[in-house]
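The values are calculated or read from the model by the stated rules, or taken from the named source; none is laboratory data. All values derive from a computational prediction rather than experimental measurement. So basically every Cβ, Gly included, is an ideal-geometry build from the backbone, and we count neighbours across all protein chains shown. Just the protein is used for accessible areas: all its heavy atoms, side chains included, with ligands, DNA and RNA removed. Shrake-Rupley method; radii C 1.70, N 1.55, O 1.52, S 1.80 Å.
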Amino acid sequence: QVQLVESGGGLVQPGGSLRLSCVASGSPLSIDIMGWYRQAPAKMRELVATITSGGYTNYADSVKGRFAISRDSAKNTVTLQMNTLTPQDTAVYYCNAHKAWPTRSYWGPGTQVTVSS
């Protein structure tokens, strides 16, 4: 089993930056893809960014050029650097880990990011 815990959320002004982190514990050695998702009020959960075990990254169009995902397998962590934040980035951000074998996805409890003046 894998447990995920996010941290780093908070209140930030438009144009500001935040760095989210996620630590995996339990049995994280076989994690294939890790990523960040977010859910804004009255909206469905959406992908923000993913990173594979080989370092390949994928970003939502809305965050390209502003956000950067990174992964440290030795420390079992994944981070999301968020720059030039806008109110549209306000959401609960969730860490996700996906194992290929056995096939299963894991979710953290989420961390709130609020962008407001």
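Being under 20 Å from W107 (Cβ atoms), outside any strand (DSSP E or B), in contact (Cβ under 8 Å) with a residue 24 or more places away in the chain and of a type in the set (A, V, I, L, M, F, W, C) is a condition met by no residue of the range 3-19. Screening P41 against (1) of a type outside the set (G, A, S); (2) open to solvent by 70 Å² or more (accessible area, probe 1.4 Å); (3) under 14 Å from the mean Cα position of the chain (by Cα) leaves a single unmet condition, (3). When residues of the range 87-117 are filtered for being more than 11 Å from the chain's Cα centre (by Cα), more than 13 Å from P28 (Cα to Cα) and of a type in the set (A, V, I, L, M, F, W, C), how many remain? Number of matching residues: 3.
Against the numbered list (1) open to solvent by less than 60 Å² (accessible area, probe 1.4 Å); (2) within 15 Å of the chain's Cα centre (by Cα), S25 comes up short only at (2).
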